[in-house]
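Shown next, in structure tokens, is the structure this report addresses.
The values are calculated or read from the model by the stated rules, or taken from the named source; none is laboratory data. Fair warning: this is a prediction, and the values are worked out from it, not measured in the lab. No Cβ is skipped: glycine too gets one built from the backbone with ideal geometry, and neighbour counts run over all protein chains shown. Remember, those area values only see protein heavy atoms, side chains included, never the ligands or the DNA or RNA. Shrake-Rupley method; radii C 1.70, N 1.55, O 1.52, S 1.80 Å.
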Amino acid sequence: MKFTNILVPFDKSDHALHALTLAKGLAEEDAAIKLHVVSVVYVSDIPPALGLDANPYESVPPLLIQPDLYEKLVDAALEREKNDMKQAIGGLLDGMSNNIDIAVVNAPSPVDGINDYAKDHACDLIVMGSRGLGVLRGMLGSVSYGVLRSAEVPVLVAKKDEDEK
């Protein structure tokens, strides 16, 4: 099976960088392979200050503010996350001839966000890291386990050896 649209969920961790490095190796085999690097955030609460520089992860229910202001706050939070992602990725993807999409999506959970993105963008492989702190007691993290169980496409869980530098 040849993969043409690879999704890498990215939370800026060393494990996510490890998965991205593996996905990069797969994508470099063919310039026609598209690489999607995606962060999933849950932005539902608005901060008390209601300013665009405020932290949208703090608490005032969205129903108390104007919808257009809420949209601006969410967009600002997603843009901030995208910039943080690019900084964490650094030069890892520089020089690749592949089409690379770096995106941030707002979703009710990381598992939902990953699966929805994969479906909406016709991804045919998900390559993700795992911290190994979750449901299977050291084998998989809870997000990777959730995606593995619910994804409609193959999932490669790239568990990083803790001794790797």
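State yes or no: is D75 open to solvent by 40 Å² or more (accessible area, probe 1.4 Å) and closer than 22 Å to L26 by Cα?
In short, no.
Condition check: modelled with pLDDT of 95 or more and either open to solvent by 30 Å² or more (accessible area, probe 1.4 Å) or within 18 Å of K34 (Cβ to Cβ) (or both). Does S97 satisfy that?
yes
Looking only at region 90-119, count how many residues are more than 13 Å from the chain's Cα centre (by Cα) and charged (D, E, K, R).
So the answer is 2.
For a quick check of your reading of the model, give me the residue pairs whose first member lies in region 15-31 and is closer than 13 Å to A158 by Cα and open to solvent by 40 Å² or more (accessible area, probe 1.4 Å), whose second is at pLDDT 95 or above and not in a helix (DSSP H, G or I), with beta-carbon atoms closer than 6 Å and at least 6 apart or on different chains.
L22/V127
For region 123-142, state whether one or more residues are open to solvent by 30 Å² or more (accessible area, probe 1.4 Å), out of contact with any strand residue (DSSP E or B) (no Cβ under 6 Å at 6 or more places or on another chain) and either of a type in the set (S, T, Y) or at pLDDT 90 or above (or both).
yes
For region 32-68, name all the residues that are modelled with pLDDT of 95 or more and over 16 Å from N106 (Cα atoms).
Selection gives A32, I33, K34, L35.
List every residue pair whose Cβ atoms sit under 7 Å apart, with the two residues 6 or more apart in sequence or on different chains, where the first one lies in region 69-90 and is modelled with pLDDT under 95 and the second, anywhere, is assigned to a helix (DSSP H, G or I).
Sorted first by the residue in region 69-90, then by its partner, the pairs are Y70/P62.
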